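Everything on this sheet refers to the single structure shown next.
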Number of protein chains: 4
Amino acid sequence: MASGQGLGNRAQERVFAALDGFRIEVPSWGFSNTGTRFGKFVQAAAATSIEEKFADAGEVNKLTGAAPTVALHVLWDTPKGVKDVPQIRQLEEKYGVRAGSINPNLFQDQAYKFGAMANPDADVRKLAIAHLLESVEIGKELGSKDVSIWDSDGSNYPGTQSIRKRIVWTEEALAATHAALGPDQRMLVEYKPFEPAFYHTDIADWGMALMLAHKAGPKAKVLVDTGHHYQGQNIEQIVAWLLHMDMLGGFHFNDRKYADDDLTLGSIDPYQVFRIFHEILSETGPAVKDVAFMIDQSHNLKGKMEAAVQTVVTAQEIYARAALVDREQLGELQDKCDLVAAEELYRGCFWTDVRPMVREWREARGLAADPLAQLKTSGYVEEAAKARGAKNAGSVATYA
Amino acid sequence: MASGQGLGNRAQERVFAALDGFRIEVPSWGFSNTGTRFGKFVQAAAATSIEEKFADAGEVNKLTGAAPTVALHVLWDTPKGVKDVPQIRQLEEKYGVRAGSINPNLFQDQAYKFGAMANPDADVRKLAIAHLLESVEIGKELGSKDVSIWDSDGSNYPGTQSIRKRIVWTEEALAATHAALGPDQRMLVEYKPFEPAFYHTDIADWGMALMLAHKAGPKAKVLVDTGHHYQGQNIEQIVAWLLHMDMLGGFHFNDRKYADDDLTLGSIDPYQVFRIFHEILSETGPAVKDVAFMIDQSHNLKGKMEAAVQTVVTAQEIYARAALVDREQLGELQDKCDLVAAEELYRGCFWTDVRPMVREWREARGLAADPLAQLKTSGYVEEAAKARGAKNAGSVATYA
Amino acid sequence: MASGQGLGNRAQERVFAALDGFRIEVPSWGFSNTGTRFGKFVQAAAATSIEEKFADAGEVNKLTGAAPTVALHVLWDTPKGVKDVPQIRQLEEKYGVRAGSINPNLFQDQAYKFGAMANPDADVRKLAIAHLLESVEIGKELGSKDVSIWDSDGSNYPGTQSIRKRIVWTEEALAATHAALGPDQRMLVEYKPFEPAFYHTDIADWGMALMLAHKAGPKAKVLVDTGHHYQGQNIEQIVAWLLHMDMLGGFHFNDRKYADDDLTLGSIDPYQVFRIFHEILSETGPAVKDVAFMIDQSHNLKGKMEAAVQTVVTAQEIYARAALVDREQLGELQDKCDLVAAEELYRGCFWTDVRPMVREWREARGLAADPLAQLKTSGYVEEAAKARGAKNAGSVATYA
Amino acid sequence: MASGQGLGNRAQERVFAALDGFRIEVPSWGFSNTGTRFGKFVQAAAATSIEEKFADAGEVNKLTGAAPTVALHVLWDTPKGVKDVPQIRQLEEKYGVRAGSINPNLFQDQAYKFGAMANPDADVRKLAIAHLLESVEIGKELGSKDVSIWDSDGSNYPGTQSIRKRIVWTEEALAATHAALGPDQRMLVEYKPFEPAFYHTDIADWGMALMLAHKAGPKAKVLVDTGHHYQGQNIEQIVAWLLHMDMLGGFHFNDRKYADDDLTLGSIDPYQVFRIFHEILSETGPAVKDVAFMIDQSHNLKGKMEAAVQTVVTAQEIYARAALVDREQLGELQDKCDLVAAEELYRGCFWTDVRPMVREWREARGLAADPLAQLKTSGYVEEAAKARGAKNAGSVATYA
């Protein structure tokens, strides 16, 4: 793609087809007030209930046409477990978005101080497994495909825990969870190198996640959170390996400069997002069929709704850029080791301004031509602030 | 020092002299319940009031003989500002520890969402300066030497703030603060590369801190928090440079594996602590006279009191190791570029087990021979848990 | 800039003005065979003499219209020192490019094993200073503005060298160099955190470089090599600080994923380059007047000429993107803390495809519309390979 | 272990048993002149032939009693392939050290510019496989157990190579190599995140190495080079995982501050070495039986022989410290989550000065009490310098 002018029919076909197939899940917790360990800056318009989260998610989907599901966090969204399912079903219908992945909470209970799945205390491990099984049950009832397991376990100081024993305990908990999965369910095993455990994290990298998923059983896959990597690590290569092994379950998208900063997708390194999408689009076999795109962000400063819409739009646009790559031609240049030509072909698509074409697609699909502008003129956020402001005002959390 | 056996009289003199001169400040917030952004694990024995914090600090000092001051956090410990000073004075007398550095809070107020000293809104900047001036006033009243300024300001996304304008605003706030300092007061300017701001932090590294301190005036120095560095950065070299420029104000000691993990000193990389102390002990001029050693840690999992005592003891022991270095002989080997001999001399002192000698020093000074064991047998923590348990039980904070 | 279509006259004016003023210097060593510590892959067309380097640089300038100077490496390009100046003058005239910055070599002589400017041996330090003075002399004779000093000194093991003494020795060498500068000369002090010294580097970061430059005198400024930073470090913020202090001398541009990989500019993180150019373009005062843009890359795999042309073109294009930013409007949004609007304005310019407009500029200035394509059709590289192939064939260097 | 005094009989038994079983392999290339990409500092006493390397290795073993094998580098040490085996056998007998691991060279041939095992050109891949097969043959003839495969392949720029295709090519090469292994041979697959490839490395981390080894066959294991990790990565956890999977083949020991700096073991972070040895010593099953300890260092500044002896001695001493850990008691404290007690027990052993005890062991085994001192008084290095000086003088390699 030598230039952004006159991309031509073939490019348009590619981009439209890509956008038609593109879905990304928003997280319920992205609509409520969150913060850093130093405190929360409370937003008046933040969602304060599961209904408000569905309302917000529905609005994002209406604006973008690409976010038909909302991830649920078990403890916060379904505090009564399976009993909350009927209410969720009603909300699904009311707001036109379905429940997406089910996210167990293995970090908040005071019992989990020294771990959940890998706590040396067998009773705590049972508690964790019970919570996992309940999460599976909720997913089953909701017809939700994925249980996304983020294991925050680990230790803070060398010598204070047995890394080896904890591997076995983690294997046991995941095996028990896998055994309970329904025929259409999957479990996604997430990894993270640090935080909130600071010396060792029981599932620290994709290798550990893959081995645990492999041991758990055929319905277990790996979940890649783009913020959960070492600095300098090549995430698209990990994606390529997981596709090669048919073990890629999905993504938690966000961006970061240093650690797991949970910034909006592509805000720090947009080229990396392009490269990840390229690996996804390079795979045409079954390994890519069920890869789930999900957002996991924490909007401390940006407006929740603005940030959500901005993220979906950015994802669509970068995905469209990656869809422009002529993969056949690229493959030939790569095989000839014509480095500069291959690189120019590749990043020429990154440099191409697809925004006019994405706008055309939006209009052709009856969507808002400019979702962010539409959000602004709709007055949605102001309405929400009025309705929710009082409830949010009291919820300031502090460091100490 | 070829071996740990029979260190000899000269070594003992060095170590005893070093320990006699060694003081390290404990932070009031190290005794109360803190956590990560994912929640707090509440400890029954944690301090719930300024009096309990002084009580805990007093106990640490009694056990170790090296922690005669406690750092105060203005918002949490002196919520009424200068009016709280009389109470603090009473507590000083009652518990035998003095108020140490005064730590303003520039991150918690909802007004600080987009910054405090460098907020684009002039009214918010005034609020921040007023808080800084009150902190100076509290320090003046208490006869405390240092106001330790941690500036958490920054931005999360490229393009959203003017880095240049914020430099000027930060300079202005620090100049106003400096102007209010009493004749015996100093202000220490801390730096931190990220968190809670994730894209840019207004005072990101020692170079920025030094230039701001230099511009503020002669009573401003740089504060080095050991956890506030990039991975791979050579902290002892920064210490050497700050001593060379006579700009080293003091330390916030802690340890980390990845980010600013606030782990106990020396728990991850004890050799680094030795190297830092070596640079300190290598300086004999006035530049080192007032360097303040302070602890800034967050004990999420360890018992607060145990962790505090363990930290002070570890600091004493590593300081004693560094005191063993024969700096004259080392200088000769360094100048001859006899690398292996110099290295063996240097780290031979690190390898030397000074614990028996430190124990002798403790006994000679009428202190507990084994402070951690003494803490355990004293029943102090159990008593505290009984007295404070109910108040702590209700204070669970959560992520969302 | 909401879209890449119809950028309009005002945008074109900005971009054309920016491109008219844009100059970037190519390094002579970018045309000759270099490698990693594991060996060199020899290219037949690589330059084997100072004349061939000038020929190559001249060709790059002819194609791009933006690279009128070539950086010289004293030891490699002017082995006879000032005596080589007449030949350089002839080459300048013959190939239409002038000698640019003068780069002393303080790392290759066997005497520099334990350092050059900061070697504990006073005789070696004298040798280093003599080389620096000769570099100044060469620059003076050539009418070259900048002497770019990269200090590779440091140590590999804790305790083996005195960091403090080495600061003083480095100050002395730089002072001596500064004293010799002519009225129109500057010295640029580069920094680098590691390699080839692995434990400590005497000038490790911009803070150290700035203090050394400041101490040396008013003609000393800081040189920012984009590859010489810690992971996660915010380079554009350092640029902003250096501009604020009027201490930014220039850049060595390249890119990297992990360490100082010397990859082509913008190949890994193009958004970062945009952000750096934005800081430059935000400064309108004298602090930016003499900022020198230079390339420092090592093309191990790409063809030397292709990589050089590709780099200059990429620099022009990203500079043009940064020139699109409406800085007044951005400033207003930043001051209102309208984060999402500010970010969209800012990165909207990054997303805009300026390539058609840059092509128009090229044509309007009588330059090749597509420099890379023109290089290919010109047959220049094939000719060079024929002429230089035999000389290059024998020069394979190996690891051990 | 509360203190370093009076370690007692049980401690001595543990340490002596540990030291009796401790073997570490020295690399032939550690005795010859190597450097950084900026050049080599030539040492007069460096080995210039395979015989001199054996002589040096023999001397290290004589001094330390722990280094009975020397790793061979195929291209440099056996340039004639299997035909060199008879000479190696003679050297083994003459110098009392055996040939250890066989190290193919897949990076030096000009054909490998774009890769060896994963080069898109099938002919180059055949060349690489042929070299691997020859390495297997050499190992077979020598009765050497391990072929250590370091794959330096990768790419420097996004889009220039197909990461996916290269996985398959790498699998094919390793399968072919595995098929040729004799009944007592193993192949060890090394990983490295970057250098000399800078954007992606085909075997970038332990997960990729493990999957490749697993696919190759049962005689393939993973090789952990301690310098080949991301900053902040927990190496001992990887070791624990590899032991858990029975996939740990061995180590390349060295240390680093930033990248793959190839510094002497324990020179930067000795506590990490202790933690790695603790994981090794915690495994009592067959998974640890054949773990090979090897050194891979590049002594640019230190004397080759001094550095080699220093490394082996350091390894012995830290191994002895780790042997002091009472693993049963530690396990109990870990299971009780008594963090501080567990940590103090654990690092108490690190703090214990084992040097007197290691000296006793040396004397009891008829070895030099102080190997480094003995090396110095022996005059070995001076002799070598005289004999080899002339040959070394001519071998200066340079950057450009």
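The values are calculated or read from the model by the stated rules, or taken from the named source; none is laboratory data. For clarity, every value in this text was computed on a predicted model and none was experimentally measured. Here the Cβ positions follow ideal geometry from the backbone for every residue, glycine too, while neighbour counts run over all protein chains shown. Ligands, DNA and RNA are stripped out before the accessible areas are found, and what is left, the full protein with its side chains, is counted by its heavy atoms. Shrake-Rupley method; radii C 1.70, N 1.55, O 1.52, S 1.80 Å.
Structural remarks
- The one condition in (1) at pLDDT below 95; (2) over 15 Å from the mean Cα position of the chain (by Cα); (3) of a type in the set (Gly, Ala, Ser) that C:Gly331 fails to fulfil: (1)
- The listed residue being among the hydroxyl-bearing types (Ser, Thr, Tyr), buried (at least 18 other Cβ atoms within 10 Å of the Cβ) and farther than 30 Å from D:Ala216 by Cβ, out of D:Thr48, D:Thr69: D:Thr48
- Taking the stretch D:219-234 as the range and being assigned to a loop (DSSP other than H, G, I, E, B) and under 18 Å from D:Ala173 (Cβ atoms) as the test, only D:Lys219 passes.
- Residue match in the stretch C:36-44 (condition: in contact with a helix residue (DSSP H, G or I) (Cβ under 8 Å, 6 or more places away or on another chain), open to solvent by 20 Å² or more (accessible area, probe 1.4 Å) and small (Gly, Ala, Ser)): yes
- Some residue of the stretch B:245-254 being away from chain C (no Cβ under 14 Å), touching a residue at least 40 places away in the same chain (Cβ under 8 Å) and either touching a Cys at 6+ places or on another chain (Cβ under 8 Å) or hydrophobic (A, V, I, L, M, F, W, C) (or both): yes
- Selected residue [assigned to a loop (DSSP other than H, G, I, E, B) and within 14 Å of chain A (Cβ to nearest Cβ)] from B:Ala71, B:Ala47, B:Ala66: B:Ala47
- The residues of the stretch C:17-40 that are in a strand (DSSP E or B) and touching a strand residue (DSSP E or B) at 6+ places or on another chain (Cβ under 6 Å), listed by number, are C:Glu25, C:Val26, C:Pro27.
- Checked against (1) open to solvent by less than 10 Å² (accessible area, probe 1.4 Å); (2) of a type outside the set (A, V, I, L, M); (3) facing another protein chain (nearest Cβ under 9 Å); (4) under 24 Å from B:Tyr157 (Cβ atoms), C:Gly207 meets all criteria but (4).
- Residue that is farthest from C:Phe274 (Cα to Cα), among those in the stretch C:342-360 that are open to solvent by 10 Å² or more (accessible area, probe 1.4 Å) and more than 9 Å from chain B (Cβ to nearest Cβ): C:Glu360
- Which listed residue is of a type in the set (A, V, I, L, M) and in a helix (DSSP H, G or I), from C:Ala259, C:Ala240: C:Ala240
- Residues that are more than 10 Å from every other protein chain (Cβ to nearest Cβ), open to solvent by less than 10 Å² (accessible area, probe 1.4 Å) and not in a strand (DSSP E or B), drawn from the stretch B:284-303: B:Gln297
- Which numbered condition C:Gly21 misses (of (1) open to solvent by less than 20 Å² (accessible area, probe 1.4 Å); (2) under 22 Å from the mean Cα position of the chain (by Cα); (3) of a type outside the set (A, V, I, L, M)): (1)
This table checks each residue for (1) among the hydroxyl-bearing types (Ser, Thr, Tyr); (2) in contact with an Asp or Glu (Cβ under 7 Å, 6 or more places away or on another chain); (3) under 30 Å from A:Ala45 (Cα atoms); (4) part of a helix (DSSP H, G or I).
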{"site": "A:Ala315", "(1), (2), (3), (4)": "no, no, yes, yes"}
{"site": "A:Val325", "(1), (2), (3), (4)": "no, no, no, no"}
{"site": "A:Glu332", "(1), (2), (3), (4)": "no, no, no, yes"}
{"site": "A:Val340", "(1), (2), (3), (4)": "no, yes, no, yes"}
{"site": "A:Gly348", "(1), (2), (3), (4)": "no, no, no, yes"}
{"site": "A:Arg362", "(1), (2), (3), (4)": "no, no, yes, yes"}
{"site": "A:Gly366", "(1), (2), (3), (4)": "no, no, yes, no"}
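- Test: residue in the stretch A:217-237 that is more than 16 Å from D:His229 (Cβ to Cβ), among the polar types (S, T, N, Q) and modelled with pLDDT of 95 or more: yes
- Residues of the stretch B:146-196 satisfying the condition of being among the charged types (D, E, K, R) and within 22 Å of the chain's Cα centre (by Cα): B:Asp146, B:Asp151, B:Asp153, B:Asp184, B:Arg186, B:Glu190, B:Lys192, B:Glu195
- Members of the stretch B:256-272 that are open to solvent by less than 10 Å² (accessible area, probe 1.4 Å) and either away from chain A (no Cβ under 14 Å) or charged (D, E, K, R) (or both): B:Asp261, B:Asp262
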